[in-house]
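Please read the structure below before turning to the comments.
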Amino acid sequence: MNVVLANRQRTRKINRRLLKQITVALLADLKVEAAELGLHLVATPEIIRLNEQFLRHASPTDVIAFDHSGSRRRTLDPGPKTPGPRRQLHGEIFICVDEAVLQARKFRASWQSEITRYLVHGVLHLLGHDDSRPAERRKMKRAEDRRLRELSRRFSLAHLARPGKLSQCKNH
C-alpha cells in the first residue's frame with residue numbers, strides 16, 4: 001500500500017500519521033490488495049477550483065475522488081453499474097477541512113469524524129460505489145456509516161487533532 005498524504009490547509013492541525021494509519025486500515029478492511037492513493041487535505045478555495053474545473057459546480061464540496069485506474073472516468077461520477085469487488089485502487093481523494101468543520105457543527109459531530117467520513121466516502125467511490133441515485137445513495141451511506149463506526153472503535157478519531165504548530169505542506 002502506498003498512501004501519500006498532503007496537507008495544504010491551515011484550518012486545523014492534523015495528525016497525519018494517524019490519518020495515514022486509519023487510511024491503511026480502511027483499505028485492509030475493504031480487502032484492497034494494492035493501492036496507490038494520494039490523500040489531499042485542502043481548504044475551501046482549492047476544493048472550489050477542483051469542483052468547478054472537473055465537475056462543473058461553482059461551489060465548495062466536502063470530498064472529491066479521482067480514479068486513476070483507467071477502468072472508469074476519473075472523477076466520482078458513476079462508473080460501471082455492476083462494479084464487482086476491486087482488489088486494486090489507484091486514485092486521489094481531496095478532502096475539504098473547512099467543509100468538515102462546518103458539517104460537524106451542523107450534524108453535531110466532531111470535525112475529525114467528518115474527515116474520516118469523507119475519507120471513507122472517497123475510497124468507496126474509488127472502489128466503484130455510486131451515489132447518483134437515491135437507492136444507491138442509501139446503500140453507500142449505510143456502507144459509509146458501518147465503516148466509520150468500525151474505524152471509530154479501533155482508532156481515537158479525536159487524536160486526529162494535532163496539538164502544536166500547523167503542519168507544513170509536506171508529503172508523508
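Read the figures in this text as sums done on the coordinates, not as results from a lab. Nothing here was measured: the structure is a model prediction, and the numbers come from that model. Note that we place each Cβ from the backbone using ideal geometry, even for glycine, and neighbour counts take in every protein chain shown.
Beta carbons closer than 6 Å, at least 6 apart along the sequence or on distinct chains, pair a first residue in the stretch 127-140 that is under 24 Å from Arg87 (Cβ atoms) with a second that is among the charged types (D, E, K, R) and assigned to a helix (DSSP H, G or I) for Asp130/Glu136; Asp131/Arg137. Counting only helices (runs of 4 or more DSSP H) that sit completely within the stretch 94-160, those holding 2 or more residues that are more than 16 Å from Thr61 (Cα to Cα) correspond to 111-126, 134-154. Within the stretch 7-52, the set of residues being farther than 22 Å from Leu102 by Cβ and among the polar types (S, T, N, Q) comprises Gln21, Thr23.
Identify the residue in the stretch 115-136 that is within 16 Å of the chain's Cα centre (by Cα) and charged (D, E, K, R) and, among all such residues, is surrounded by the most Cβ atoms within 10 Å (Cβ to Cβ). Only one residue tops the list, namely Arg117.
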